[in-house]
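Reviewing the structure listed below.
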Amino acid sequence: MKVKIDFVSNSSSTSFVYIAQDMLTKDDFFEAVGVSATSPAASVFQEMFEQLRARVERGERLTSVEDVDALEGSRDFMPEVLTRMREAVKQGKIVTTGSLSSEEGMAEQVLCTEIFEINSERFFINAYDNYW
């Protein structure tokens, strides 16, 4: 049994970065995670897609290298991810940061409580910054 004696939270949140040329689409998401639209689990992944897209749309859009530099030390993005973000901004890609919360629906709870990265031909999402 593990006992945590310092700050304890009943909720969790995960910061993420989304990088792409275009906004996230259902087809791109399903292809990247390897789920067919006819799969028995498709409805769960549909909800994950909707939650993730909504969070990307409401996220903070980074438009300059200075915007990315300002994240150093304030969030736990790995140096490799920050470098990737800087390069994407220079290339004119969409670079958005946001967060997921365990206070939302079941699909967002699953995304929030797991660290994950999706690296497809169409988009990149890194959600390694996880707080419990």
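List, in order, the whole-Hz ³J(HN,Hα) value for each residue of segment 85-102 obtained from phi through the Karplus relation with A = 6.51, B = -1.76, C = 1.60 and θ = phi - 60°; use x for Gly and Pro.
Those phi angles translate into 5, 4, 5, 5, 4, 4, 8, x, 7, 6, 10, 10, 10, x, 9, 10, 10, 6 Hz.
Let me know the shape class of segment 34-132, please: from the alpha-carbon gyration tensor, a ≥ b ≥ c as square roots of the eigenvalues, rounded when a/c is under 1.5, otherwise prolate if a/b is greater than b/c, or oblate.
Details: a/c = 2.19, a/b = 1.61, b/c = 1.36.
In terms of gyration-tensor shape, prolate.
Please report, in debye to the nearest 20, how large the charge dipole of segment 39-80 is about its Cα centre when each Lys and Arg carries +1 at its beta carbon and each Asp and Glu carries -1 there.
Details: 5 positive and 10 negative charges, 59 e Å.
Dipole of segment 39-80, to the nearest 20 debye: 280 debye.
Of 62, 100, how do they rank once you tally other Cβ atoms within 10 Å and put the fewest first? Walk me through the numbers on the way to the answer.
Details: 62 22, 100 25.
Listing 62, 100 from fewest to most nearby Cβ atoms yields 62, 100.
Bear in mind these aren't lab numbers, they're just calculated from the coordinates by the rules spelled out. Not measured: the values here are computed from a predicted model. Here Cβ is always computed from backbone atoms with ideal geometry, including for glycine, and neighbour counts include all displayed protein chains.
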